[in-house]
Amino acid sequence: MKLQPFQRFLGKEGIDLAIIGAPDPTITYFTQQKFSAAQLAISPSQAALYVSTLDPKPAQKECSVLSLKKGWLKELQKEHPHPKVLGINKEQLSVASLERFQKTFPHAKIKDVGEEISRLRSQKTAEEIRRIKRACTVTTNALQELLPQLEKKKVRTEQDVAFFLEKSMREHGAEVAFPSIVAFGKNAAIPHHQTSRTPLRKGLLLLDFGASYKNYCADMTRMLSLGKPSREERQRYAQLLAVQQDAIRSVKNGQPYAALEKGVRKNLGNDVSYFIHSLGHGLGVEVHEAPSFSEEKKQKVQQNHVFTIEPGMYFPQKFGLRIEDTILFDGKTKVLTKAAKELIKL
């Protein structure tokens, strides 16, 4: 996936060799495979994938496949004895690995190539979009299969719900993109609540989950009401849904992601203090990747970006609300997670 454009970038920037080390998911991006341990060495003209002998030997067209054994760096040094510039993905590299690279190539200048990797990964190909769409379909279907189970009270705790969703996603040929967040009642006021054995009763239930199809992630959050919701719960949910839908309508080519978030915070008015996290994040081989909504990153909406829009409101010791969709911008704004967004009453 875009290995050749990355090699052209290395040549243009005068980078003789770049090493992408496990567990950097960029290895999965470039090879479209997952390994228990691997290193990817890329020069402007060739690439070598070093894979643990504990993994099956992969078939790769664009790079040679070698054994990842104790002396792999010395083997690499024989192929590239005197690189002047060595590229690394700084955010994903451990200090120990960096020190080993510096010891092996003591005269090489170290240059971070992480920004270019993020840029390549953020602009999805047609095949990547196809996989993300499939992951979103599997995610939506899992929710539809869950609803009758809740109505019949066949799932009784947060963990029961999470197990059912994850089983459904796997039965439909996908994996779980991240540990599902199932939060009932006041637990939903904690955005990253760890799913527990809390029993389900009357109240609001937050579901934040997603499938991964052929390494590409979906992410969706929906709210359910077990029993009749209170007037406050209905009003707060309607308020948040209007804000989320307005944010989706506001997406335009070239628009700063930070401006989208500012718009949501403005729309929340005096209630903005209840919104305590970012508006969204990019999706791909990782569930959180570029593009970023951070004002510091200064990233803008571009063709074939995939990202989430997920405003939330959290009322400690009472309840929490979040509505999240996976969005594709391909010249038009398309919602890929198609589950209904009215407050589902069971």
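Every residue in the stretch 293-310 that is within 20 Å of Asn267 (Cα to Cα) and either touching a His at 6+ places or on another chain (Cβ under 9 Å) or surrounded by fewer than 19 Cβ atoms within 10 Å (Cβ to Cβ) (or both), please. Scanning the stretch 293-310 gives Phe293, Ser294, Glu295, Thr308, Glu310.
Take the conditions of a type outside the set (Gly, Ala, Ser) and surrounded by 13 or more Cβ atoms within 10 Å (Cβ to Cβ) and apply them to Pro106. Does it pass?
So Pro106 fails the test.
Remark: pairs (first residue in the stretch 213-231, acidic (Asp, Glu); second residue surrounded by fewer than 21 Cβ atoms within 10 Å (Cβ to Cβ) and outside any strand (DSSP E or B); Cβ separation under 6 Å; 6+ apart in sequence or on different chains) = Asp219/Val287. How many of the residues in the stretch 27-37 are under 18 Å from Ser94 (Cβ atoms) and either assigned to a loop (DSSP other than H, G, I, E, B) or over 21 Å from the mean Cα position of the chain (by Cα) (or both)? Count: 3. Taken over the stretch 1-26, the criterion of being within 20 Å of Lys61 (Cβ to Cβ), basic (Lys, Arg) and not in a loop (DSSP other than H, G, I, E, B) is satisfied by Arg8 alone.
A quick yes/no check of all residues on (1) of a type outside the set (Phe, Trp, Tyr); (2) assigned by TED's automatic domain parsing to the domain that holds Glu175; (3) surrounded by fewer than 20 Cβ atoms within 10 Å (Cβ to Cβ); (4) touching a residue at least 24 places away in the same chain (Cβ under 8 Å):
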position	(1), (2), (3), (4)
Ile27	yes, no, no, no
Thr31	yes, no, no, yes
Lys34	yes, no, yes, yes
Val51	yes, no, no, no
Glu62	yes, no, yes, yes
Leu66	yes, no, yes, no
Lys69	yes, no, yes, no
Leu98	yes, no, yes, no
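Checked against the criterion of being in a strand (DSSP E or B) and either at pLDDT 95 or above or buried (at least 23 other Cβ atoms within 10 Å of the Cβ) (or both), the candidates Ala290, Ala339 yield just one match: Ala290. Is it the case, given these coordinates, that Gln92 is under 23 Å from Phe307 (Cα atoms) and of a type outside the set (Val, Ile, Thr)? It is true that Gln92 is under 23 Å from Phe307 (Cα atoms) and of a type outside the set (Val, Ile, Thr). Just checking, does the stretch 71-90 include any residue being within 25 Å of Gly282 (Cβ to Cβ) and assigned to a helix (DSSP H, G or I)? Among the residues of the stretch 71-90, at least one is within 25 Å of Gly282 (Cβ to Cβ) and assigned to a helix (DSSP H, G or I), which makes the answer yes. For Arg249, the conditions (1) over 21 Å from Tyr314 (Cβ atoms); (2) more than 27 Å from the chain's Cα centre (by Cα) are fulfilled apart from (2). The sole residue among Tyr237, Tyr257 that is touching a residue at least 12 places away in the same chain (Cβ under 8 Å), within 20 Å of Ala290 (Cα to Cα) and aromatic (Phe, Trp, Tyr) is Tyr257.
The values are calculated or read from the model by the stated rules, or taken from the named source; none is laboratory data. Keep in mind the model is a prediction, meaning the values are calculated, not measured. Reconstructed Cβ throughout: ideal geometry from the backbone, glycine too, with neighbour counts over all protein chains shown.
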